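Peer 1: Right, I'll just put the structure down here and ask away after.
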Amino acid sequence: MRTALLQSSGRPGSVDENLKVLDEAADRAAAAGAGLLAAPEMFLTGYAIGHDIGRLAEPADGDSADAIAEIAGRHGLAIAYGYPERDGDTVFNSAQLISAEGVRLANYRKTHLFGCFERDHFRPGEQPVVQAELNGLTVGLMICYDVEFPENVRAHALAGTDLLLVPTAQMHPFQFVPESVVPVRAFENQLYVAYVNRVGREGEFEFVGLSTLAGPDGVARARAGRAEELVFADADPVALAGSREANPYLSDRRPGLYGSLV
């Protein structure tokens, strides 16, 4: 499945403008043959927008979800995006996957919040593995800091995730995560990892870009730079099956030895 990664911070604070950016990117991605477009963490509203997070937060089935479903259906590709999700009085840092037919397939709430900023504005999610079937692949969702915990990605590998989507707001000086950690996660867990980042300065944060789609061989199939960019790579189920057959990491595990980890 050809996958497009939208490396952009959009227009922080403006949902309408970010929907326009997403629509334009979906048009370009569909024209290039992509079956999936992935946007960064909190793309719908912006990340460093302070108390506007609570004001702009929406339910998973809110007006913006409907608008993105319309964009996905019109362009004929699935869309994954980050947004602040309101559930009653609680706000989560969430990511949602919508099919090319405009159907909501999966919604994930970030389980590991990073720093005081996130802890002040969000409640952590409690479900570590969220998946959906898409174009012959089992697609999983997590968000940014989550991928830095090896247990998280291993849980996806054991649950059969083929392509792990990671909307991200990775900032300076942690560029080693997209450069080094993400390809290792893909290799040690024998899956594809699509890590799609914000870029540029936003409030107190400087986002580093470097979005990547890493394969099960630990090689980046696509790597963005430090500017706004739309990059493409393929998640190939045939190549994935061959890599899993050749690499024994998962089959050579000895879970009985790992009890001390929890």
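Peer 1: Kindly establish whether residue 36 is open to solvent by less than 30 Å² (accessible area, probe 1.4 Å) and touching a Ser or Thr at 6+ places or on another chain (Cβ under 6 Å).
Peer 2: Values: open to solvent by less than 30 Å² (accessible area, probe 1.4 Å): yes; touching a Ser or Thr at 6+ places or on another chain (Cβ under 6 Å): yes.
So residue 36 passes the test.
Peer 1: Taking the conditions exactly as written (at pLDDT 95 or above and within 19 Å of residue 108 (Cβ to Cβ)), does residue 58 satisfy them or not? First the steps, then the outcome.
Peer 2: Working: at pLDDT 95 or above: yes; within 19 Å of residue 108 (Cβ to Cβ): yes.
For residue 58, the condition - at pLDDT 95 or above and within 19 Å of residue 108 (Cβ to Cβ) - is met.
Peer 1: Further question on the same structure: Scan region 8-23 and report the pairs whose first residue is on the phi > 0 side of the Ramachandran plot and whose second residue is at pLDDT 95 or above and open to solvent by less than 10 Å² (accessible area, probe 1.4 Å), with Cβ atoms within less than 6 Å and a gap of 6+ or a chain change.
Peer 2: Cβ pairs passing all conditions: 10/18; 10/43; 13/46.
Peer 1: Does residue 219 qualify as being hydrophobic (A, V, I, L, M, F, W, C), under 22 Å from residue 3 (Cα atoms) and open to solvent by less than 60 Å² (accessible area, probe 1.4 Å)? Steps first, please.
Peer 2: Numbers: hydrophobic (A, V, I, L, M, F, W, C): yes; under 22 Å from residue 3 (Cα atoms): yes; open to solvent by less than 60 Å² (accessible area, probe 1.4 Å): no.
No: the conditions fail for residue 219.
Peer 1: Here's a follow-up. Please tell me if residue 77 is modelled with pLDDT of 95 or more, open to solvent by less than 10 Å² (accessible area, probe 1.4 Å), touching a helix residue (DSSP H, G or I) at 6+ places or on another chain (Cβ under 6 Å) and not acidic (Asp, Glu). Lay out the reasoning, then the answer.
Peer 2: Numbers: modelled with pLDDT of 95 or more: yes; open to solvent by less than 10 Å² (accessible area, probe 1.4 Å): yes; touching a helix residue (DSSP H, G or I) at 6+ places or on another chain (Cβ under 6 Å): yes; not acidic (Asp, Glu): yes.
When the stated conditions are applied, residue 77 passes them.
Peer 1: Ok, one more. Would you call residue 250 in contact (Cβ under 8 Å) with a residue 40 or more places away in the chain, touching a helix residue (DSSP H, G or I) at 6+ places or on another chain (Cβ under 8 Å), more than 25 Å from residue 83 (Cα to Cα) and not in a helix (DSSP H, G or I)?
Peer 2: Working: in contact (Cβ under 8 Å) with a residue 40 or more places away in the chain: yes; touching a helix residue (DSSP H, G or I) at 6+ places or on another chain (Cβ under 8 Å): yes; more than 25 Å from residue 83 (Cα to Cα): yes; not in a helix (DSSP H, G or I): yes.
So residue 250 fits the description; yes.
Peer 1: Of all strands (runs of 3 or more DSSP E) completely enclosed by region 100-179, which ones contain at least 2 residues that are open to solvent by 10 Å² or more (accessible area, probe 1.4 Å) and free of Cβ contacts under 8 Å to residues at least 40 places away in the same chain? Full working, then the answer.
Peer 2: On the way: elements: 104-109, 130-134, 137-141, 163-168.
Result: 104-109, 130-134.
The values are calculated or read from the model by the stated rules, or taken from the named source; none is laboratory data. Keep in mind it's a predicted model, so treat the numbers as computed, not measured. Note that each Cβ is placed from the backbone with ideal geometry, even for glycine, and that neighbours are counted across all protein chains shown. Only protein heavy atoms, including side chains, enter the accessible area calculation; ligands, DNA and RNA are left aside. Shrake-Rupley method; radii C 1.70, N 1.55, O 1.52, S 1.80 Å.
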